[in-house]
Structure formats: structure tokens, C-alpha cells
Amino acid sequence: MTLKAQLEALRDETLANIENVADLKALNQIRVETLGKKGPITEVLRGMKDLSAEERPIVGSFANEIRDLLTEALEGRKEVLETAALNAALDQETIDVTLPGKQMSHGTRHVLSQVMEEIEDIFVGMGYQIVEGYEVESDHYNFERMNLPKDHPARDMQDTFYISDEILIRTHTSPVQARTMEKHDFSKGALRMVSPGKVFRRDTDDATHSHQFHQIEGLVIDKNITMGDLKGTLEVVMKKMFGEDRKIRLRPSYFPFTEPSVEVDVSCFKCGGSGCNVCKQTGWIEILGAGMVHPDVLKMSGIDPNEYSGFAFGLGPDRVAMLRYGVNDIRNFYQNDLRFLNQFKVKE
Ligand code: DAH
């Protein structure tokens, strides 16, 4: 076979191989084997020194022509294969945005947090500030400053968890009253505050008692605050909480830190007052304790009772939530059973 025929055969075979090759690695292999230093074309070009002077330019230019042709074919095929590889990768990695997402179950705010925030919002809307107190309190603020000296019999009303003789976990949110009163600058106006938080008592847990529950303390101090202000305020709040048709009534009661003291009932939101299971057939629901701040409590916080007066109240959000949602066991709020909690899912 002549050299030319050999080159032609090589060209045709290589072109066919290039056309058939399916991946880039194999294509590169063909390039190395055909055009590389040890490949047949290089060999032909190297052997040209043995050719005659007439043959040399003819074979030389033919070999160059074939080399260019094959180089071009290799490049062309490479591009085709690269595009195909890219498309295949894109096909595989495509995100189908129409696929339904994974369902994530999300939690919800605790029902007590929901109720407390709702009550806080009502007071904030009336110009009250929210004050956080301390769960670990001193006997001084929890009792003495609330007009409950060490030997006071009313201390028995609040069975206490003591940490030491002087330190306890608070039995009510009332100590926040004293802490706020002593700091308040009355030259800047009245004091209106609510203080929500956890309180603790040495109670045996049952359906209606828990060693941990919540209170929202309220306090207003200014000149000329009267029982009328207390009643009017609580009436507005109860209507917002339980419906516009609600009425309230005050019954005399006793708390050491208020004088006079009252127990406040709201007309039943379920039956409207005619009697049902929620109000135990009485038409009224006992909802909070309140009263006019005792002059001694004012004095102990550095406020002159001849100049200032005020009212206070203590509200139980656990009880509000139980009444509103028909929860008959307070322990449900603290056991974190998701079957219970998920009933109070809100869209947030
Ligand atoms: N501290 C009282 C308690 O835990 C609740 C209370 C009653 C608070 C009357 C008040 C109030 O501020 O005026 O039993």
C-alpha cells in the first residue's frame, strides 16, 4: 500500500471512530493515538526524510491536510459530547418546582402564652406598661412590703416554697407592685402597670391546683384614684375578654395589701347569667381579686397615702383559659402533651 493510501485509510478509519465515540475520555484517547507523538501521522512526517525530493512535498502536505482534518473532526465531536454531557447533568439536577414540598409540622404558642398576651394587649391598649418581676424573690418583697409581716396569719393563705429564711419562689405577682412603686417617678405622671408571670405554691396538684401557675398583677397609682376607677376599668377589660354583654359585680373580700378588698365576678359568658355548668348554675364566674391599695403598702414604697391612692388586682390566666376552652384539669397546661397543645394552634 502506498503511503498516500495508508494515510487515506487512517483518515477514514479515524473519522469513523470519532463519529462513533460516545464519551470524552475515549475521544481524547483517539486524539492521542492518532495525532500524538507516537501516532501514525507523526510517524509518516518523520519518515519523510527517506522520500524522494518530488514525493516529499506531496506527502507532506497531504499528511498535514489529514492532520488538520482530523483535528477539526476531534474538536467538533468534543463540542457535541460536552454539550450532551452538560444537558444530561442539567436534566438530572433539575429542580421540579411544582413538586409538593415536604410537610413540616410546626409548633404553636402555648395556650397560656396566647391568653396572657391577649390580656397584656388589652392593658397596653389602655396605657399600662408591662413589668417583669423575679420568680426568685425575697420574703421582704413577697410578703413584708405587701403588708404581710412575719407573724401575719394571712401568710397561711399562700403556702410557700422557701429557698432560705429570706429567699423564696414568689407566691404571687404582687411583689412587682412594690418593686415598681418605689422606682416610679410621679412627676412624670400616673403609674399604670401589669405584671404577668409564674407563681408557685406548696399545693398538692389536682384538677384545680398546681404548684405552679400564672398571675397577672395590675396596679394603678395616681392622685384621686377611686373604687369607681377600679370597677370601670375591670368592666371594660372583662367585656374585651369575655364579650360586650358581660357585667361584673364586686363582693367584699380580704387581702392584706388592699383595703377595701373585693372579689370580682363576671356574668357567665356561656349562659349569659341564667345558669349552666360553666358558672355552676350561679350565672356568675369568680374571676379575680382586687382592691384599693392599702395605705401602709403605699407608705412602705415611699408614697404618701394622703396625696396618692390606687387600685390593684390579681388575675389568673390559667383559670381564664380553663373557663374559655372548657379545660377541666389545670395539669393539662403543664404536661406538654402535644395532643392537648395542638388543639390551640393559631395561624402565626
Ligand atoms: N396576690 C393575690 C393572690 O395571689 C391576688 C391579688 C388579689 C392581687 C388582690 C392583687 C389584689 O393585687 O389587689 O392571692
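The values are calculated or read from the model by the stated rules, or taken from the named source; none is laboratory data. Note that this is a predicted model, so its numbers are computed, not measured. Glycine gets a Cβ as well: all are built from the backbone with ideal geometry, and neighbour counts include every protein chain shown.
Picking from residues in region 1-24 that are polar (S, T, N, Q) and modelled with pLDDT under 90, the one that is nearest to I41 (Cα to Cα) is Q6. The condition of being exposed (fewer than 14 other Cβ atoms within 10 Å of the Cβ), within 16 Å of the ligand (Cβ to nearest atom) and in contact (Cβ under 8 Å) with a residue 12 or more places away in the chain holds for only one of I169, I130, I163, that being I130.
Just one of the numbered conditions (1) surrounded by fewer than 20 Cβ atoms within 10 Å (Cβ to Cβ); (2) within 24 Å of R331 (Cβ to Cβ); (3) within 12 Å of the ligand (Cβ to nearest atom); (4) of a type outside the set (D, E) is not true of R155: (2). Count of region 185-208 residues, restricted to those that are of a type in the set (S, T, Y) and in contact with a strand residue (DSSP E or B) (Cβ under 6 Å, 6 or more places away or on another chain), is 1. Annotation: of all residues in region 258-275 being within 38 Å of the chain's Cα centre (by Cα), surrounded by fewer than 22 Cβ atoms within 10 Å (Cβ to Cβ) and on the phi < 0 side of the Ramachandran plot, the one that is farthest from the ligand (Cβ to nearest atom) is C271.
Please work out if I248 is farther than 26 Å from Y141 by Cβ and either loosely packed, with under 15 Cβ neighbours inside 10 Å or within 38 Å of the chain's Cα centre (by Cα) (or both). Here the answer is yes, as I248 does meet what is asked.
Among the numbered conditions (1) buried (at least 22 other Cβ atoms within 10 Å of the Cβ); (2) in contact with a helix residue (DSSP H, G or I) (Cβ under 7 Å, 6 or more places away or on another chain), the only one that L234 does not meet is (2). Can you find a residue in region 139-146 that is hydrophobic (A, V, I, L, M, F, W, C) and either closer than 29 Å to D222 by Cα or assigned to a loop (DSSP other than H, G, I, E, B) (or both)? Yes: region 139-146 contains one or more residues that are hydrophobic (A, V, I, L, M, F, W, C) and either closer than 29 Å to D222 by Cα or assigned to a loop (DSSP other than H, G, I, E, B) (or both).
Is region 95-107 home to any residue that is of a type in the set (V, I, T) and surrounded by 18 or more Cβ atoms within 10 Å (Cβ to Cβ)? Within region 95-107 (the criterion being of a type in the set (V, I, T) and surrounded by 18 or more Cβ atoms within 10 Å (Cβ to Cβ)), the answer is no, since none of the residues qualifies. Quick one: count up the residues across region 198-221 that are of a type in the set (D, E, K, R) and more than 16 Å from the ligand (Cβ to nearest atom). Here the count works out to 2.
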